[in-house]
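Just below is one structure, and these are the notes that go with it.
None of the figures in this text is laboratory data; all of them are computed from the coordinates on show. Please read these numbers as outputs of a predicted model, since none were measured by experiment. So basically every Cβ, Gly included, is an ideal-geometry build from the backbone, and we count neighbours across all protein chains shown.
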Amino acid sequence: MTPALTDRQITYMDFIQKFITENDNFPTFEVIAEHFGVKPNSVAGHLLALRKKGYLDMCPNMASYRRTNAFKSFMAIRERNAA
């Protein structure tokens, strides 16, 4: 079972999901930082926390994150509950 998420982490996941749906690519730290009005270092901390909880993973040979199956399952449940 994956660890519980904070409200802020869920907000980040919602933004990442929407961005990927619209742009077919994971948003950069700068894009996320601009959206939330924070510095990229703050974004790095939130994404690292999501990685430690199993919702994000690093792409091999790239300095980029990708969604895990736990992330995708969580978002699918959220979308179903919102409908």
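For the range 7-78, restrict the atom set to alpha-carbon positions and state the Rg and Dmax in Å.
Cα only, the range 7-78: 11.3, 31 Å (Rg, Dmax).
Tell me which of Asn81, Gly54, Val38 sits at the most positive position along the dipole axis of the chain, charges placed on C-beta atoms (Lys, Arg +1; Asp, Glu -1).
It is Gly54.
For the chain, calculate the relative contact order in percent as a whole number, restricting contacts to Cα pairs under 8 Å that are 6 or more residues apart.
After rounding, I find 24 percent.
Please arrange Val31, Val38 by counting, for each residue, the other beta carbons lying within 10 Å of its beta carbon, fewest first.
The most exposed by this proxy come first: Val38, Val31.
Would you mind putting 45-56, 4-15 in packing order, based on average other-beta-carbon counts within 10 Å, highest first?
45-56, 4-15
Per DSSP helix of 4 or more residues, -39500 (n - 2.57); summed, then divided by the residues of the chain. What does that give at 222 nm, rounded to the nearest 500?
-20000 deg cm²/dmol
Please identify which residues in the range 17-38 have an amide N closer than 17 Å to a label point set 7 Å out from the Cα of Ser64, following the Cα→Cβ vector.
17-33
Between Lys52 and Glu22, 0.36 nm times their residue separation minus their Cα-Cα distance comes to what?
My answer for the length gained is 8.2 nm.
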